[in-house]
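Notes for the one structure printed next.
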Amino acid sequence: MSTLLECKDLTYTYGKKKALNKVSLNLESGKIVGMFGPNGSGKTTFIKLVTGMLCDVDKCIRICGEEVGEKTKAVLSYSPDRVPFRKESRISDLLDMYELMYDDFDKKTAAEKLQELKLDVTDYVGKLSKGNAEKLLIVLTMSRKAKLFVLDEPFNGVDPVARENIIRIMLGCVPEDSSLLISTHQIGDVEQILDEAVFIKEGKILFHRSVDEIRSETGKSLADAYMEEFR
Amino acid sequence: MAWNLDSDKPIFIQIVEKIESDIVSGKYAPGDKLPAVRELAVEAAVNPNTMQKAFGELENLGLVHTQRTSGRFVTEDRKLIDKTRKELAKKTAAEFLTRMEELGIDREEAIRLL
């Protein structure tokens, strides 16, 4: 086991508002980690900094020992909280684009997964339902051999059956020594796939612990622990 | 279908119980090869590390053994399987009686209901 992501004293402000306040967080390899907190607690800001969508000015973040940049983007696979593809693209165009953009993209596996999920590669993105568009995004994201996968709200507007499909894709695709960071409000859905949970509130990490520990110490499910913390 | 797991009991214990009962019921026969950790984790929709931990526990119990190159197998020790069956039955009976007690039904009345 090694440290995949290191973050030390990360502060980020939008104007006067502190979105993140001295956040320190380390993620080990081979873990599935859930990040939970109310809207506006800083989850997406944190993810955007890790993925390089926002600039980590003070260089507080290291991924596989590197500052956020080209090298870290090559080992990190990210799905944003909104499906980012143009409506006019066909699924097959996106497969080609991912193959072109990422050396570690496995087009064959991606095509197989899409077929399993009954998505037709000749379809246009604009014609897909919300759930199917999300499945497409997750398949593309998870078909890379990345070290760190970061999924921001992967279940947005997705029905329960599709959520289970998406969870299966995640579990089936993530390489053994890679890690998965998932930010979601659907705690109950991801609870049984998590190794660790991070609770974040008003830009600060409340705690980062093993889910088994939380459950055995409190005798509560993670979802109940969340309700208690934030109610 | 994802396995039906309770949210307030450690998941790995529930997985151990599920596989124990699959062995006892003959879904996995003595000497059968078990699916790979990853495969079962995806089927159950649980964390692969948790599934690994459950397999470790099943190995400790002697119900499952690993052959280094060829995978994991169900024990051929039928005595052990019988013993496990009895233990699971006892546990289930105890749970039943506890539940009956909660309903205000004593042991004798519970037996009559059966």
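Here A:C55 meets each of (1) surrounded by 17 or more Cβ atoms within 10 Å (Cβ to Cβ); (2) within 19 Å of the chain's Cα centre (by Cα) with one exception, condition (1). Filtering the stretch B:35-50 for residues that are in contact (Cβ under 8 Å) with a residue 60 or more places away in the chain, crowded, with 16+ Cβ neighbours inside 10 Å and within 15 Å of the chain's Cα centre (by Cα) leaves an empty set.
Within the stretch A:67-82, being surrounded by fewer than 19 Cβ atoms within 10 Å (Cβ to Cβ) and closer than 30 Å to A:G131 by Cα holds for A:K73, A:A74, A:V75, A:P80, A:D81, A:R82.
When the stretch A:190-208 is filtered for residues that are more than 16 Å from A:V23 (Cβ to Cβ) and in contact (Cβ under 8 Å) with a residue 12 or more places away in the chain, the ones remaining, listed by number, are A:V190, A:E191, A:I193, A:L194, A:D195. Taking the criterion of being polar (S, T, N, Q) and open to solvent by less than 60 Å² (accessible area, probe 1.4 Å), the residues of the stretch A:86-126 that qualify are A:S89, A:S92, A:T109.
Evaluation of A:N39 against the conditions (1) open to solvent by less than 10 Å² (accessible area, probe 1.4 Å); (2) out of contact with any Ser or Thr (no Cβ under 8 Å at 6 or more places or on another chain) shows that the sole unmet condition is (1).
Between B:E87, B:E108, B:E101, the distinction of being more than 19 Å from B:K18 (Cβ to Cβ), surrounded by 12 or more Cβ atoms within 10 Å (Cβ to Cβ) and not aliphatic (A, V, I, L, M) belongs to B:E101 only. Among residues of the stretch A:68-95 that are farther than 13 Å from A:L151 by Cβ, those with a beta-carbon under 6 Å from a residue that is basic (K, R) and outside any loop (DSSP other than H, G, I, E, B) at least six positions away or on a different chain give the pairs A:L95/A:K107.
Are any of the residues in the stretch A:142-153 open to solvent by 30 Å² or more (accessible area, probe 1.4 Å) and farther than 17 Å from A:E28 by Cβ? Yes, because at least one residue in the stretch A:142-153 is open to solvent by 30 Å² or more (accessible area, probe 1.4 Å) and farther than 17 Å from A:E28 by Cβ. Applying the criterion of at least 1 residues that are closer than 17 Å to A:V83 by Cα to the helices (runs of 4 or more DSSP H) found wholly in the stretch A:116-231 leaves A:130-142, A:160-173.
Each row is one residue, and each column tells you yes or no for (1) away from chain B (no Cβ under 13 Å); (2) among the charged types (D, E, K, R).
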site: A:V125; (1), (2): yes, no
site: A:A133; (1), (2): yes, no
site: A:K147; (1), (2): yes, yes
site: A:N165; (1), (2): no, no
site: A:T184; (1), (2): yes, no
site: A:D195; (1), (2): no, yes
site: A:E202; (1), (2): yes, yes
site: A:D212; (1), (2): no, yes
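Counting the residues of the stretch B:21-51 that are hydroxyl-bearing (S, T, Y) and within 14 Å of another protein chain (Cβ to nearest Cβ) gives 1.
Exactly one residue out of A:M53, A:M35, A:M1 is aliphatic (A, V, I, L, M), in contact with a strand residue (DSSP E or B) (Cβ under 6 Å, 6 or more places away or on another chain) and within 19 Å of A:I138 (Cβ to Cβ): that is A:M35. From the list A:C7, A:C64, the lone residue that is away from every other protein chain (no Cβ under 14 Å), closer than 20 Å to A:L151 by Cβ and open to solvent by 20 Å² or more (accessible area, probe 1.4 Å) is A:C64. Under the condition of being of a type in the set (A, V, I, L, M, F, W, C) and within 23 Å of B:P10 (Cα to Cα), which residue from the stretch B:57-73 is surrounded by the fewest Cβ atoms within 10 Å (Cβ to Cβ)? Selected residue: B:L61. Residue-level analysis places A:L20 outside the set of residues that are in a strand (DSSP E or B), under 22 Å from A:V211 (Cβ atoms) and of a type outside the set (F, W, Y).
Restricting the stretch B:8-34 to residues that are open to solvent by less than 60 Å² (accessible area, probe 1.4 Å) and more than 24 Å from B:D82 (Cβ to Cβ), the residue that is nearest to the chain's Cα centre (by Cα) is B:F12.
The values are calculated or read from the model by the stated rules, or taken from the named source; none is laboratory data. The shown structure was predicted, so the numbers you read here are calculated from the model rather than taken from an experiment. Methodologically, a virtual Cβ is constructed for each residue, glycine included, from the backbone with ideal geometry; neighbour enumeration extends over all protein chains shown. Accessible surface is based on the protein model in full, side chains and every heavy atom, while ligands, DNA and RNA are left aside. Shrake-Rupley method; radii C 1.70, N 1.55, O 1.52, S 1.80 Å.
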